[in-house]
Amino acid sequence: MKPKHSYRTLSLFSKYATAVILVLILGTTAYAQIDRAELEGTVTDASGAVVSGANVKVVSTDTNIAQEQKTNTNGYYRFPGLAVGSYTVTVTNGGFKTKIIEGVILHVGQTRTLDASLAVGAPAEKVEVKASAAPADRSSAEAATVIRGDQIASLPNNGRDWSSFTLLAPFAQDDGGGDQRTIRFAGRARDDNNFQIDGVDAGGI
């Protein structure tokens with residue numbers, strides 16, 4: 001009977017160990033989705049024709065971590081899962097001057113479109129520009145905004161209710177109270193709202 005009891009104990013332990021491992025894996029996956037952004041765009045020449053095979057390199061000015069890839073046959077590039085922050089984007093291709101775009105800011109959850117037009121010349125010649133303060137986003141028709149840390153620190157907030165900051169979003173409408181129970185968007189009912197905190201549904205809080 002002892003071997004049977006030991007086997008049962010080992011079996012239960014294995015099940016619990018597997019459950020703990022799965023929880024840890026799932027927890028890590030959920031956490032990895034936080035503080036990410038995406039950068040995409042199209043590389044063209046001065047005439048507007050797409051440039052395939054151009055090398056696009058993004059370098060974080062905060063960490064100096066770099067990623068690079070080549071544009072596809074449509075001149076398109078895409079960097080998913082970038083950490084939020086400031087980047088320098090360098091685009092090179094034979095027969096064109098090197099294009100350097102500085103101050104490319106990525107916000108959490110953002111898909112930023114950054115197109116680059118290359119001028120004919122030697123790659124050793126460099127054209128440096130500053131990124132636009134109003135980034136384009138052609139990947140989605142949604143209306144969105146990012147509430148910055150300085151806004152949270154400076155703007156008045158009654159009762160430290162985080163949901164009142166959603167009034168800064170496009171199409172926000174307050175039916176009175178300025179909280180999670182009274183704010184709605186684009187003429188939709190309040191029941192259509194969905195609030196998430198770090199990917200966790202907070203609609204019932």
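Within segment 53-83, being outside any strand (DSSP E or B) and under 18 Å from the mean Cα position of the chain (by Cα) holds for THR61, ASP62, THR63, ILE65. If the condition is being more than 29 Å from GLY149 (Cβ to Cβ) and either among the acidic types (Asp, Glu) or crowded, with 16+ Cβ neighbours inside 10 Å (or both), then segment 57-76 contributes GLU68, THR71, GLY75. Quick one: count up the residues across segment 84-130 that are outside any strand (DSSP E or B) and touching a strand residue (DSSP E or B) at 6+ places or on another chain (Cβ under 9 Å). The number of residues fulfilling the criteria is 16.
I'd like the full set of residues that are loosely packed, with under 13 Cβ neighbours inside 10 Å and either among the acidic types (Asp, Glu) or touching a Leu at 6+ places or on another chain (Cβ under 7 Å) (or both), limited to segment 111-125. If the condition is that a residue be loosely packed, with under 13 Cβ neighbours inside 10 Å and either among the acidic types (Asp, Glu) or touching a Leu at 6+ places or on another chain (Cβ under 7 Å) (or both), then GLU125 is the only one that fits.
The C-beta contact set for segment 145-165 (first residue touching a residue at least 12 places away in the same chain (Cβ under 8 Å), second residue assigned to a helix (DSSP H, G or I) and surrounded by 10 or more Cβ atoms within 10 Å (Cβ to Cβ), distance under 6 angstrom, 6+ apart or interchain) comprises ILE147/PHE165; ILE147/LEU168.
Bear in mind that the values in this text are calculations on the coordinates, not laboratory data. Keep in mind it's a predicted model, so treat the numbers as computed, not measured. Note that each Cβ is placed from the backbone with ideal geometry, even for glycine, and that neighbours are counted across all protein chains shown.
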